[in-house]
1. Which count do you get for residues in the stretch 239-278 that are within 19 Å of Ile185 (Cα to Cα), in contact (Cβ under 8 Å) with a residue 12 or more places away in the chain and among the polar types (S, T, N, Q)?
2. Could you please find all residues in the stretch 87-136 being without any contact (Cβ under 8 Å) to a residue 12 or more places away in the chain and assigned to a helix (DSSP H, G or I)?
3. What's the number of the condition Ala154 fails, among (1) under 18 Å from Ser259 (Cα atoms); (2) crowded, with 24+ Cβ neighbours inside 10 Å; (3) in contact with a His (Cβ under 9 Å, 6 or more places away or on another chain)?
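What follows is calculated from the coordinates using simple rules that are stated; it is not laboratory data. In this text, all values refer to a predicted model and were calculated from it rather than measured experimentally. Note that we place each Cβ from the backbone using ideal geometry, even for glycine, and neighbour counts take in every protein chain shown.
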Amino acid sequence: MEENKNKENEIFLASSEPSEENELPEKKKSKWGWFTSFGGLLLLFKAGKIWALIKGAFIFLKFGKFLTTGLSMMLMIITYTFLYGWKYAIGIVLLLFIHEMGHLTASRRLGIDTSLPMFIPFIGAIIQMKQAPKDAKTEAIVGIAGPIFGALGAFVCLLFGEIFNSALLLALAYFGFLLTAFNLIPAHPLDGGRIVTAISLKLWIVGIPVMVFFSLYFFNPIGILISILAIKKAWEVWKDRENPYYDTDSSFRFKMGLSYFSLFVLSAYYTYSIHEVLNL
């Protein structure tokens with residue numbers, strides 16, 4: 001089927017820009033102003049050139065895949081350090097890493113060759129499936145694994161944030177739950193859009209307008225791009241809606257639907273409750 005051909009080299013993305021509310025803690029103002037920003041950008045460019053040489057040497061030693069992930073994590077941490085401070089920057093990247101490891105673990109357990117995570121500042125993290133899932137059931141299992149891992153990471157931050165009365169950990173828990181709730185919006189290529197392919201494609205009718213609304217309301221360029229991709233994907237699937245790829249048994253639809261909606265409600269609840277505690 002044409003649909004199966006188009007699903008090769010699938011990308012699973014965890015966005016680090018769910019909305020403007022994820023900017024926690026509050027951005028620190030530098031007395032050096034634009035000079036600091038310019039210096040930071042210069043440092044990034046120089047670091048990239050230097051690291052490219054080191055990376056090339058390690059690729060020769062067959063460590064290139066690990067260095068690509070490590071390098072992208074390092075560059076994201078450096079970038080976010082200038083915005084939020086190094087502690088919060090490290091926390092954000094670790095939560096994104098945990099989320100992506102959920103996708104990676106599930107896909108490899110299902111026998112799907114998958115790349116290590118790649119981190120992109122202001123966009124998030126992605127993994128690439130080097131072969132297409134055989135059906136919507138497989139796609140949904142891989143899709144929901146990321147939010148499950150991500151929510152568990154957020155719960156850990158929340159638990160220790162409460163124990164040690166740490167505003168930093170609570171802020172990271174807020175980011176983790178918000179990231180999970182955002183990625184569960186049923187709009188492709190978000191995780192939610194992939195999960196509902198095994199539940200009901202009609203859920204895209206709800207998810208896409210929600211994605212468009214929040215993207216325009218907060219004027220989030222990444223959200224707008226996701227909205228465009230979601231609309232394009234919905235049209236392609238509608239034309240190929242009889243494809244057996246989307247056929248799943250009722251038992252699996254029920255279990256996946258229960259897991260999906262429970263995870264979404266919990267993530268949304270904790271996002272709201274932590275938001276109130278931190279008085280955002």
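1. 3
2. Correct list: Arg108, Arg109.
3. (3)
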